[in-house]
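Accompanying notes for the structure given below.
The values are calculated or read from the model by the stated rules, or taken from the named source; none is laboratory data. Fair warning: this is a prediction, and the values are worked out from it, not measured in the lab. Every residue, glycine among them, receives a Cβ derived from its backbone with ideal geometry; neighbour counts consider all protein chains shown. Note: accessible area is taken over every heavy atom of the protein model, side chains too, but ligands, DNA and RNA are not part of it. Shrake-Rupley method; radii C 1.70, N 1.55, O 1.52, S 1.80 Å.
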Amino acid sequence: MTRTTFIPYRPKSILNKHKRADHWFWTRYSAYPYLGCQHGCQFCYCRERKYLPYENPNDFAHVIKVKQNAPELLRKALSRVPIDLLMTADYQPAERKFGLSRRMLEVCLDLGFPVFVLERNPSILRDLDLLQAINQRAPSVVAFSIISTPESPNYDRIRQMENLAPAPEKRFAAMQKFSQAGFLTGTCMMPILPGLCDDDANLEAVIRWTAEHGGQFILAGGLTLADQQRTYFFNILQERFPELLPNYQKLYPRGSYRAAGDWAPIARRIRELCEKYGIKDRMPRPVILGDKHALNKRIAERLANRTYSLELEKAPSHKVWGYRKASWAVDDLEQDIGLVYRMMGLKGLQSIPDIGISLSKEIEDLVNDFQK
Ligand code: SF4
């Protein structure tokens, strides 16, 4: 087994800020204490050149850069931005040694920032107390990356692909604890590896286990492959599962980031299975307490969910984009959309960029629904 090398350093900044929340995790900011990940999942997109601070993708799991001043940098950065959801914390084994995730979460608690934590390691339970305090002050999300259960026909092969990440049974047990502690929790089923995770038995088992362990949502996504990560991943397939390689080469011809082919049927199947087990295939957007843009955010969420449904239905792309841009426009709106509607009616809604006559009527219904 290769020994891990830790490289402490002091970066100049830590907070990534986005113009608006993304439509999957609803996060506006992200900040992480470590570069590289000791779990070393073979499919991890963080080996791509744009994320990896190393020449050699093999170093990703064995050379961990430690941002020594992460808590101080985070405090400074969060003091200057509006409160919104922050994606943060990392419970790879390095956390036991350096404790930076915990100290960053303490900053979030002090400043009242809600967090979204996505984990493959159940050692996040160490900080359940702190996360609970954050969740009481600012409703937060703890989700688990899980792509299989022991019921999967390909469980052993999938576990090899997850390398040193703890077993999914342990992650589900942690999910149950977070659910019992009152968290919004669920599963990020990413990446659904073609030929390994996309069979119906595996999809259904992950969704059923999520529901049985108190998870409220599934977020599913496909594998992405770029530059040196593509080469690295193909080499792993060649070495361990050569029978799978030709299919992956066909799905990911050189230069393609996502798999060729149609993602909608698998997403529709996931939706059906989520309905069967009473959970969502979208993550509910956490409410930011005291947010003067709360109504805008709720309506933007509804429009984004409609965008996703249209994608699943294979609606014409101008229609999909119409809803997506409307969702962005409502999220970007400086004024409260309820006030805009009360002052100026439909004309006010139509003055918002990318909102035409028919969308303004849908938004009118949403405003009235939320303000009942
Ligand atoms: S746990 Fe997440 S970040 Fe770490 S290697 Fe696996 S996929 Fe990458």
Within the set of pairs 6 or more residues apart or between chains, which connect a residue that is assigned by TED's automatic domain parsing to the domain that holds GLU48 inside segment 254-274 to a residue that is among the hydrophobic types (A, V, I, L, M, F, W, C) and surrounded by fewer than 13 Cβ atoms within 10 Å (Cβ to Cβ) with Cβ atoms less than 6 Å apart? none
Any residue at all in segment 271-285 that's exposed (fewer than 13 other Cβ atoms within 10 Å of the Cβ), at pLDDT below 95, among the small types (Gly, Ala, Ser) and farther than 30 Å from CYS108 by Cα? no
Tell me yes or no: at least one residue of segment 53-61 is charged (D, E, K, R), open to solvent by 10 Å² or more (accessible area, probe 1.4 Å) and within 16 Å of the ligand (Cβ to nearest atom). yes
Could you tell me which residue of segment 99-122 is farthest from ASN69 (Cα to Cα), considering only residues that are more than 16 Å from the ligand (Cβ to nearest atom) and surrounded by fewer than 22 Cβ atoms within 10 Å (Cβ to Cβ)? GLY112
Single condition HIS39 does not satisfy, out of (1) surrounded by fewer than 16 Cβ atoms within 10 Å (Cβ to Cβ); (2) within 14 Å of the ligand (Cβ to nearest atom): (1)
Looking only at residues in segment 68-89 that are within 15 Å of the ligand (Cβ to nearest atom) and farther than 16 Å from ASP129 by Cα, which one is most open to solvent (accessible area, probe 1.4 Å)? MET87
Selection within segment 24-33 - open to solvent by less than 10 Å² (accessible area, probe 1.4 Å) and within 13 Å of the ligand (Cβ to nearest atom): PRO33
Which helices (runs of 4 or more DSSP H) does segment 224-340 wholly contain that include 3 or more residues that are touching a helix residue (DSSP H, G or I) at 6+ places or on another chain (Cβ under 6 Å)? 227-240, 264-277, 294-312, 317-332
Would it be correct to say that LEU125 is in contact (Cβ under 8 Å) with a residue 60 or more places away in the chain, open to solvent by 40 Å² or more (accessible area, probe 1.4 Å) and either in a helix (DSSP H, G or I) or within 12 Å of the ligand (Cβ to nearest atom) (or both)? no
